[in-house]
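The values are calculated or read from the model by the stated rules, or taken from the named source; none is laboratory data. Here the structure is a predicted model, which means the values were calculated and not measured. As a convention, Cβ positions derive from the backbone with ideal geometry for all residues, glycine included, and neighbour counts pool all protein chains shown. Note: accessible area is taken over every heavy atom of the protein model, side chains too, but ligands, DNA and RNA are not part of it. Shrake-Rupley method; radii C 1.70, N 1.55, O 1.52, S 1.80 Å.
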Amino acid sequence: MYNNTFGNIFRLTSFGESHGKAIGGVIDGFPAGITIDMEFIQKELNRRRPGQSAITTARKEADEVEFLSGIYEGVSTGCPIGFAVWNTNQHSNDYDNMKDVYRPSHADYTYTQKYGIRDHRGGGRSSARETIARVVAGALAKLALRQLGISITAFTSQVGPFKLDKDYTAYDLTSIENNPVRCPDQDLARQMADYIFRIKGEGDTIGGVISCVIKGCPVGLGQPVFGKLHAALGNAMLSINAVKGFEYGQGFSNMELKGSQQNDIFYNNNGEIGFRSNRSGGIQGGISNGQDIYFRVAFKPVATVLMEQPTVVIHGNETILKARGRHDPCVLPRAVPIVEAMAAMTLLDYYLLDKASTL
């Protein structure tokens, strides 16, 4: 398999399958001299970890990371950082009845057609468990960005029909960890959680939207013409399992407005250039303009549902599949740290690229 590496200067190469020995990776291009906060990294993994609430998969994994290289006495050395998170709680027998069956809308069919072989246990490489490596690399990127004054916060803004109805600036984004859905509106979060729990009881799944806000990004990140910052963020988000859409700034909304109504007007803010609005989402011409970068990521419902569905076996004969195993009824709560991780890796990579723009 190719394309298991993400990034240009800051690069992550990940490895591992859902029911293999481990998920891990090698990070190259990480700056030397960064203090590595192990407690913070583990906290980020805990946010992604399965079994954290009644509305996530029941799989129990400690998801403790073991660093193998690139860190000495708690500080990055500039050398490749190797790491592994060991799998300990696989129930591979749960997938025996799916070995020769294609789950609807899953990667089973496409992987088999492309490679002629697939690991059916938990989806193998197509499993969202692969995102562990992204969260580790993203946590390291966050530690570097913290020194630059850049912060990244993602949150659940929609689950099925339940969605936030105000701009992100109207909410306290520091409160998202106060509920299992990771939504900044506590009342709406309870409704979302109840809805997910009901969907889970039906053996079904549901999707929604995660929003993300990046604050403190300096002006100038982004490479013309094919290295636009919003394109890089879109590429990062669309590489996440179950993601079906990406929009930044106003996105698809307010398309009835004219250019004179959409434009972000400049003004003299006590001797500095300011903006009257931020409809561009902090990026203009593919380059960050210093304002908040905000975007939205749409996640489809999990493909594996615990109810009978018509499908076919590998030779084309029709059959009925009743999936077993431990699956998320909604990926959004656990996907919040993954969105943040991919944004952090992209921002750090493009910050390092920007350093090569001028002498």
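Bin by bin, in steps of 5 Å, what percent of the Cα pairs in segment 102-155 do you find, going until the bin that has the longest distance?
4, 17, 18, 15, 9, 10, 10, 9, 6, 1
Could I get the Rg over Rh figure for segment 280-359? Both from C-alpha atoms, Rh via Kirkwood, rounded to two places.
Rounded to two decimals, Rg/Rh equals 1.23.
With each label point set 7 Å from Cα along the Cα-Cβ vector, what nm distance links residue 64 and residue 109?
For the pair residue 64/residue 109, the computed spacing is 4.3 nm.
Please list log₁₀ I(q)/I(0) at q = 0.24 Å⁻¹ for segment 164-255, using the Debye equation with identical point scatterers on the alpha-carbon positions.
For segment 164-255 at q = 0.24 Å⁻¹, log10 I(q)/I(0) is -1.36.
³J(HN,Hα) across segment 146-155 via Karplus (A = 6.51, B = -1.76, C = 1.60, θ = phi - 60°), whole Hz, x for Gly/Pro?
4, 5, 9, x, 9, 10, 10, 9, 10, 7
Please list, ordered by chain and number, the residues whose modelled amide H lies under 5 Å from the amide H of residue 19; skip anything fewer than 5 residues away on the same chain.
124
Round to a whole number: what % of the accessible area of the chain belongs to carbon and sulfur, probe 1.4 Å?
Carbon and sulfur: 51 percent of the exposed surface of the chain.
Using 7 Å Cα-to-Cβ label points, what is the residue 312/residue 252 separation (nm, one decimal)?
3.0
Bin width 10 Å, origin at 0, all Cα-Cα pairs of segment 204-359: what percent of pairs per bin?
Per 10 Å bin, starting at 0, the Cα pair percentages come out as 10, 30, 27, 17, 10, 4, 1, 0.
Taking H placed 1.01 Å from N in the peptide plane, check which residues at least 5 places from residue 223 or on another chain put their amide H under 5 Å from its amide H.
Placed amide hydrogens put 228, 229 under 5 Å from residue 223.
In whole percent, what relative contact order does segment 134-253 give with Cα contacts below 8 Å and a gap of six or more residues?
26
Might you tell me the accessible area per residue for the chain, computed with a 1.4 Å probe and given in Å²?
So the chain comes to 48 Å² accessible per residue, rounded to a whole number.
Going by average Cβ neighbours within 10 Å, how do the peptides 228-238, 337-347 rank, with the highest at the top?
Answer by packing, highest mean first, reads 337-347, 228-238.
Which residue, 223, 261, 291, has the most motion in a Gaussian network model of the chain that connects Cα atoms within less than 10 Å?
Answer for the Gaussian network model of the chain: 261.
PRE reach from residue 9 (point 7 Å along Cα→Cβ): which of segment 24-47 fall under 13 Å by backbone N?
Hits in segment 24-47 for residue 9 at 13 Å: 29-32.
Do you know the relative contact order of segment 210-359, to the nearest whole percent, from alpha carbon pairs under 8 angstrom that are 6+ apart? Walk me through the numbers on the way to the answer.
Values: 216 pairs, mean separation 48.4, N = 150.
Here the relative contact order equals 32 percent.
Among 124, 309, 143, pick out the residue whose Cα is farthest towards the positive end of the charge dipole of the chain, where Lys and Arg carry +1 and Asp and Glu carry -1 on C-beta, about the Cα centre.
Toward the positive end, the furthest listed residue is 309.
What Kirkwood Rh does the chain have if only Cα atoms enter the pairwise 1/r average? Answer in Å.
On the way: mean 1/r = 0.0464 Å⁻¹.
Hydrodynamic radius (Kirkwood, Cα pairs) of the chain is 21.6 Å.
Tell me, what is a quarter of the convex hull surface for the C-alpha atoms of segment 269-327, in nm² with one decimal?
Dividing the Cα hull surface by four gives the mean projection, 8.6 nm².
Give a residue-ordered list of calculated ³J(HN,Hα) values for segment 43-57 (Karplus: 6.51 cos²θ - 1.76 cosθ + 1.60, θ = phi - 60°; whole Hz; x for Gly, Pro).
Running phi through 6.51 cos²θ - 1.76 cosθ + 1.60 with θ = phi - 60° gives 4, 5, 5, 5, 5, 8, 4, x, x, 8, 7, 6, 10, 10, 4 Hz.
What are the residues whose amide H is under 5 Å from the amide H of residue 283, where those residues sit 5 or more places off or on another chain and H is modelled from the backbone?
Hits under the 5 Å cutoff: 289.
For segment 214-262, what is the convex hull volume of its Cα atoms per residue in Å³?
130
With a cut-off of 8 Å between alpha carbons and a minimum separation of six or more residues, what is the relative contact order of the chain in percent? Could the numbers behind the result be given before it?
Working: 721 pairs, mean separation 81.3, N = 359.
Over the chain, the number comes to 23 percent.
Name the residue from 221, 240, 206 whose Cα lies farthest towards the positive end of the charge dipole of segment 189-255, charges +1 on Cβ of Lys and Arg and -1 on Cβ of Asp and Glu.
Of the candidates, 221 comes out farthest on the positive side.
What whole-number volume per residue, in cubic angstrom, does the convex hull of the C-alpha atoms of segment 238-305 give? Intermediate values should be presented prior to the final figure.
On the way: hull volume 7.1 nm³, N = 68.
Normalising the Cα hull of segment 238-305 by residue number yields 104 Å³.
Which links in 163/322; 244/355; 166/258; 200/244; 114/300; 99/200 stretch past 26 Å when you go from one Cα to the other?
Result: 163/322; 244/355 exceed 26 Å.
In whole Hz, what ³J(HN,Hα) sequence does segment 255-260 give by Karplus (6.51, -1.76, 1.60; θ = phi - 60°), x for Gly and Pro?
3J(HN,Hα) across segment 255-260, in whole Hz: 6, 7, 6, 7, x, 5.
Report Rg (one decimal) and Dmax (nearest whole number) for segment 120-191, counting Cα atoms only, units Å.
Looking at segment 120-191, its Cα Rg and Dmax stand at 15.7, 44 Å.
Could you give the size of the charge dipole of the chain about its Cα centre, using +1 on the Cβ of each K and R and -1 on the Cβ of each D and E, expressed in debye and rounded to the nearest 20?
Dipole about the Cα centre, nearest 20: 400 debye.
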